[in-house]
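Working notes for the structure below.
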Amino acid sequence: MTKLLAVPFWFIGLFLFVAVPAPLQPAERVMMASLSPGLFEFPVVVSLKRGFFRDEGLEVFKVQMQPQISVMALVAGDIDYSLSWGSSLRAVITGVPIKVVAGVAHRPLHVLMGRSEIKSGKDLKGKRIGVDSFAGTMEYLSRVAVKHFGLDPDKDIKIVVSGSSPMRLAALQSGLIDATPIDIAYAVKGEEEGLKRIVNFVDVIDLPISGVSVTEKKLASNREQVKKVIRAILRGTRFMKENRDATLHLMADFLSISPSQAAKAYDTSIRSFTDDGQISEKGLMTNVQLTKERLKIARDVPLNHVVDWSLVRELKAERTDN
């Protein structure tokens with residue numbers, strides 16, 4: 001006959017307490033605004049697909065917004081982060097209390113594409129150039145290209161708002177517009193369908209194209225979350241640079257392009273992404289100066305009023321220490 005051992009009730013309770021796992025902490029909900037699908041936001045896409053935000057305890061929702069609207073939504077607290085570099089920069093320079101806290105792409109990721117009958121940049125005279133919004137980065141790049149070819153952007157072309165990169169590509173193919181600055185991935189696709197590459201912007205201007213912006217209030221009150229977001233995005237960038245084949249698969253799926261088109265886009269663009277989240281002082285100064293000229297602002301704008309690199313520097317130091 002088996003003899004039962006007497007076990008104190010407090011011991012059983014202790015065992016149950018140890019054996020039952022503690023409930024998981026709920027993920028922090030984060031809203032992030034982006035203009036349209038494209039390479040400029042791709043490190044964020046990689047971080048979402050690979051679970052890098054989830055590793056930081058974040059549940060990130062990426063929403064599509066026009067650049068100016070994203071700035072207003074950021075200030076109102078309707079979103080937490082914006083990827084619209086140009087609009088954020090213009091807002092900061094005019095006194096809106098936001099900061100750029102990390103760079104994503106430090107050089108243009110766009111190409112000026114035109115219809116097949118446009119043989120050179122000078123043929124843009126009198127033509128319609130499609131952009132995503134007035135006073136946005138795409139309009140600015142269009143003006144840069146027109147000046148590069150010796151034309152006057154205020155007299156020689158017509159700027160037409162034509163939507164996101166896929167919509168502008170469709171408008172170009174249908175003849176509604178004659179040219180447009182477009183994401184490299186879509187430019188590769190357009191070339192294979194008979195459109196003409198007029199100029200690659202990286203050959204014309206050293207201009208940052210995307211970054212992460214937050215309000216000064218959020219940076220002060222929830223600095224740790226901002227750091228988590230930046231860490232995840234930088235991890236996404238490193239994954240892109242170190243895992244070409246896996247990145248091509250993600251790129252082809254996300255942008256609805258072929259594997260060969262993804263490979264061409266990747267090889268053309270990968271060096272435009274920052275390694276550590278910082279933008280060079282030269283690139284920033286050029287960007288600030290050009291924005292001031294466009295807004296007709298004469299006063300000095302110190303760079304530390306525009307950007308705050310303290311978190312990306314902390315993250316860089318942490319990686320070095322490890």
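Computed values, structure above
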{"quantity": "For Lys122: the one exception among (1) crowded, with 18+ Cβ neighbours inside 10 Å; (2) assigned to a helix (DSSP H, G or I)", "calculated": "(1)"}
{"quantity": "Any hit, the stretch 149-166, residues being closer than 30 Å to Asp253 by Cα and part of a helix (DSSP H, G or I)", "calculated": "yes"}
{"quantity": "Qualifying residue in the stretch 94-108 (condition: assigned to a helix (DSSP H, G or I) and more than 19 Å from Lys217 (Cβ to Cβ))", "calculated": "no"}
{"quantity": "Asp321 free of Cβ contacts under 8 Å to residues at least 60 places away in the same chain, farther than 18 Å from Val46 by Cα and either buried (at least 17 other Cβ atoms within 10 Å of the Cβ) or not aliphatic (A, V, I, L, M) (or both)", "calculated": "yes"}
{"quantity": "Helices (runs of 4 or more DSSP H) contained in the stretch 176-294 and holding at least 2 residues free of Cβ contacts under 8 Å to residues at least 24 places away in the same chain and over 30 Å from Lys122 (Cα atoms)", "calculated": "216-221, 223-242, 244-255, 259-269"}
{"quantity": "Given (1) in contact with an Asp or Glu (Cβ under 9 Å, 6 or more places away or on another chain); (2) not assigned by TED's automatic domain parsing to the domain that holds Met285, number of the condition Gln66 does not satisfy", "calculated": "(2)"}
{"quantity": "Positions within the stretch 278-314 being in contact with an Asp or Glu (Cβ under 8 Å, 6 or more places away or on another chain) and among the hydrophobic types (A, V, I, L, M, F, W, C), in sequence order", "calculated": "Leu303, Val312"}
{"quantity": "Candidates Pro26, Pro43, Pro21, Pro37, filtered to the one that is modelled with pLDDT of 80 or more and loosely packed, with under 11 Cβ neighbours inside 10 Å", "calculated": "Pro26"}
{"quantity": "Condition check for Ser70: assigned to a helix (DSSP H, G or I) and either modelled with pLDDT under 95 or surrounded by fewer than 23 Cβ atoms within 10 Å (Cβ to Cβ) (or both)", "calculated": "yes"}
{"quantity": "Test: residue in the stretch 45-52 that is under 13 Å from the mean Cα position of the chain (by Cα), closer than 23 Å to Thr274 by Cα and not β-branched (Val, Ile, Thr)", "calculated": "yes"}
{"quantity": "Any hit, the stretch 47-54, residues being at pLDDT 90 or above, closer than 30 Å to Met240 by Cα and in a loop (DSSP other than H, G, I, E, B)", "calculated": "yes"}
{"quantity": "In the stretch 124-161, the residues that are of a type outside the set (Val, Ile, Thr) and under 12 Å from Val199 (Cβ atoms)", "calculated": "Leu124, Leu141, Ser142, Ala145, Lys147, His148, Phe149"}
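Conditions (1) over 27 Å from Phe254 (Cβ atoms); (2) touching a Leu at 6+ places or on another chain (Cβ under 7 Å); (3) surrounded by 15 or more Cβ atoms within 10 Å (Cβ to Cβ), marked per residue:
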{"position": "Ile182", "(1), (2), (3)": "no, yes, yes"}
{"position": "Val188", "(1), (2), (3)": "no, no, yes"}
{"position": "Glu192", "(1), (2), (3)": "no, no, no"}
{"position": "Ile198", "(1), (2), (3)": "no, yes, yes"}
{"position": "Asp203", "(1), (2), (3)": "no, no, no"}
{"position": "Leu207", "(1), (2), (3)": "no, no, yes"}
{"position": "Val212", "(1), (2), (3)": "no, yes, yes"}
{"position": "Thr215", "(1), (2), (3)": "yes, yes, yes"}
{"position": "Ala220", "(1), (2), (3)": "yes, no, no"}
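The values are calculated or read from the model by the stated rules, or taken from the named source; none is laboratory data. Just so we're clear, the structure is a prediction, and the values are computed from it rather than from any experiment. Heads up, the Cβs are rebuilt from the backbone with ideal geometry, glycines too, and the neighbour counts pull from every protein chain shown.
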